[in-house]
Amino acid sequence: MTAAVSLWHKIFATPKRYFNREVLPLLADLKLAIALLLIIAVFSIWGTVIEQGQSLQFYQNNYPEDPALFGFLTWKVLLTAGLDHVYRTWWYLGLLILFGSSLMACTFKRQLPAWKWFTRDQKLYSKPQQFRKFALSAEVPSESITPLMEQLQQRNYRIVSDEHRLYARKGIIGRLAPIVVHISMLIILIGGVVGALTGFIAQEMVPSGQTFQVNNVTDAGPWAASQVPKDWSVKVNRFWIDYLPTGEIDQFYSDMSVLDQGGTEVDRQTIHVNKPLRHKGVTLYQASWSVAAVKVKFNNSPVLELPMGELKTKGGRLWGAWLPLDPNDMSNGASLVVKDLQGLVLIYDKTGKLVSTVRKGMAVELNGIRVSIVDLVGSTGLQIKADPGVPIVYLGFGLLMLSTLMSYISHTQVWGLWQDGRLYLGGVTNRAQVGFEREFLSILDTLEVLPDRVATPSAE
């Protein structure tokens with residue numbers, strides 16, 4: 001029975017002992033934490049420089065095999081390594097988890113024991129020579145230790161004392177700052193991992209007047225399906241662009257309504273660049289625009305809507321549509337070309353010759369048919385994101401800022417001893433040394449007698 005218990009102990013105690021002696025010190029090593037932080041920073045930069053979540057065609061065009069970027073970075077290497085979605089790769093998440101483990105190990109192995117040491121009541125000194133080790137110390141005649149205790153109480157020191165000795169401290173919260181820093185960084189890492197696993201990015205190009213649901217997801221975490229909205233949709237009531245007098249774009253806007261499953265409007269907002277629409281954790285950003293269609297009339301016919309497509313040009317963005325003029329021969333017609341939504345339409349015949357320039361609301365005669373340009377229909381380009389980790393990251397950064405403020409609080413400690421009509425006192429602080437020296441001298445001034453000896457740090 002004893003042998004079985006001993007074997008059981010070896011089996012289960014050995015891994016724990018190995019972890020405590022080998023793994024935990026390695027994780028708590030500052031050099032490892034710094035190395036991991038640098039590696040994470042490098043790959044984060046890669047994720048910023050390299051466009052994330054684009055199509056295969058995009059990477060093939062921008063990262064060809066010949067010539068390869070930097071001599072090695074081709075679209076195959078990029079996709080194989082996951083550099084097209086750096087923040088969701090297993091190795092990047094693994095680095096975050098390893099760095100978080102290092103922070104936790106350092107917190108439990110170094111910071112918490114240090115905090116316990118600082119928060120415990122320090123020993124009371126009983127010998128005058130013990131005060132010589134302090135950076136700042138003094139010796140004054142006194143009838144008791146009470147005057148010193150009263151001065152320290154007025155300055156909000158926490159005091160532990162007996163009849164002839166005392167220990168006082170204040171600003172212990174400053175010693176908590178490193179622990180709060182570690183906790184805040186852990187929270188930020190957790191928020192990043194949550195966002196990578198459950199967030200998604202989508203893009204939609206929606207013509208004015210149409211209703212859509214989020215379908216074109218370009219990048220998503222493995223658990224992001226629950227975040228893609230299925231129980232509500234969005235209608236683009238109107239899209240328009242404001243232009244400067246020079247003809248340049250000033251701003252573009254989308255008036256959008258959020259509809260529930262029954263088609264009832266539950267929210268309505270006008271968005272523009274830097275003013276998104278947020279609904280149930282999903283954010284819709286105004287990202288781009290396009291020309292979707294042109295509305296025309298043939299003589300007195302009903303208004304017809306012809307879709308327009310973007311033309312590949314080197315001199316800027318252009319959109320075009322084919323306008324058939326003979327129902328029996330679709331090749332007989334004209335081309336309509338526009339460069340924006342201001343209403344100017346260029347009309348070319350089938351040979352490519354410019355035959356007319358008209359504006360929205362005007363008409364032109366083509367092959368004996370009166371063609372009226374009724375309107376141009378714009379499309380709003382939306383970038384749609386959901387990241388449940390963002391509130392967690394904000395909480396972490398809030399704590400990080402709080403810890404920065406806490407770190408400015410000085411932790412000051414004072415010891416006192418009364419013996420044979422003499423009062424010995426000394427103290428230390430972890431920062432603001434000049435301020436502590438002034439406070440120390442102020443305490444001495446209020447003891448009503450001049451000190452026989454005041455010791456300050458030597459210049460050696």
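The values are calculated or read from the model by the stated rules, or taken from the named source; none is laboratory data. Note that the coordinates shown come from a computational prediction; the quantities given were computed from them, not determined experimentally. With ideal geometry, Cβ positions are generated from the backbone for all residues, glycine too; neighbour counts draw on all protein chains shown.
So, A138, is that one buried (at least 16 other Cβ atoms within 10 Å of the Cβ), assigned by TED's automatic domain parsing to the domain that holds L32, in contact (Cβ under 8 Å) with a residue 24 or more places away in the chain and not charged (D, E, K, R) or not?
Considered against the rule, which asks whether it is buried (at least 16 other Cβ atoms within 10 Å of the Cβ), assigned by TED's automatic domain parsing to the domain that holds L32, in contact (Cβ under 8 Å) with a residue 24 or more places away in the chain and not charged (D, E, K, R), A138 comes out as no.
For every residue, the table says whether it meets (1) polar (S, T, N, Q); (2) touching a residue at least 24 places away in the same chain (Cβ under 8 Å); (3) farther than 23 Å from T412 by Cα; (4) not assigned by TED's automatic domain parsing to the domain that holds T446.
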residue	(1), (2), (3), (4)
W91	no, no, yes, yes
L96	no, yes, yes, yes
P128	no, yes, no, no
I159	no, no, no, no
D162	no, yes, no, no
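Mind listing whichever residues of the range 283-303 are touching a residue at least 12 places away in the same chain (Cβ under 8 Å) and outside any strand (DSSP E or B)?
Scanning the range 283-303 gives N299, V303.
Tell me the strands (runs of 3 or more DSSP E) entirely within the range 179-282 that contain at least 2 residues that are at pLDDT 90 or above. Steps first, please.
Numbers: elements: 200-207, 217-220, 232-243, 249-260, 265-272, 277-279.
Output list reads 200-207, 232-243, 249-260, 265-272, 277-279.
For the range 178-231, give me the residue count where each residue is out of contact with any strand residue (DSSP E or B) (no Cβ under 6 Å at 6 or more places or on another chain) and aromatic (F, W, Y).
Matching residues across the range 178-231 total 1.
Look at the range 115-126 and say how many of its residues are loosely packed, with under 13 Cβ neighbours inside 10 Å and in contact (Cβ under 8 Å) with a residue 24 or more places away in the chain.
4
Any chance you could count how many residues in the range 321-342 are over 46 Å from the mean Cα position of the chain (by Cα), at pLDDT 85 or above and surrounded by fewer than 15 Cβ atoms within 10 Å (Cβ to Cβ)?
Within the range 321-342, the subset over 46 Å from the mean Cα position of the chain (by Cα) is 322-335.
Subsequent filtering for residues that are at pLDDT 85 or above retains 322-325, 332-335.
Remaining after also requiring surrounded by fewer than 15 Cβ atoms within 10 Å (Cβ to Cβ): 324, 332.
Final tally of qualifying residues: 2.
Mind listing whichever residues of the range 213-241 are more than 23 Å from D340 (Cα to Cα) and in contact with an Asp or Glu (Cβ under 6 Å, 6 or more places away or on another chain)?
Correct list: N216, W232.
Y285 - would you say it is over 30 Å from V214 (Cβ atoms), at pLDDT 90 or above and surrounded by 15 or more Cβ atoms within 10 Å (Cβ to Cβ)?
no
Show the residue pairs meeting these rules: Cβ distance below 6 Å; 6+ apart or different chains; first residue within the range 309-337 and closer than 27 Å to M205 by Cα; second residue assigned to a loop (DSSP other than H, G, I, E, B) and modelled with pLDDT of 90 or more.
Hits for this filter: L318/K339; W319/M308; A321/M308.
Can you work out which of the residues in the range 33-87 that are in a loop (DSSP other than H, G, I, E, B) and charged (D, E, K, R) is modelled with the lowest pLDDT?
That would be D66.
Exactly one of (1) surrounded by 20 or more Cβ atoms within 10 Å (Cβ to Cβ); (2) touching a helix residue (DSSP H, G or I) at 6+ places or on another chain (Cβ under 9 Å); (3) β-branched (V, I, T) is unmet by I145. Its number?
Result: I145 fails condition (2) only.
From the list I241, I271, I249, I201, exactly one residue is in contact (Cβ under 8 Å) with a residue 12 or more places away in the chain and closer than 27 Å to L95 by Cα. Which is it?
I201
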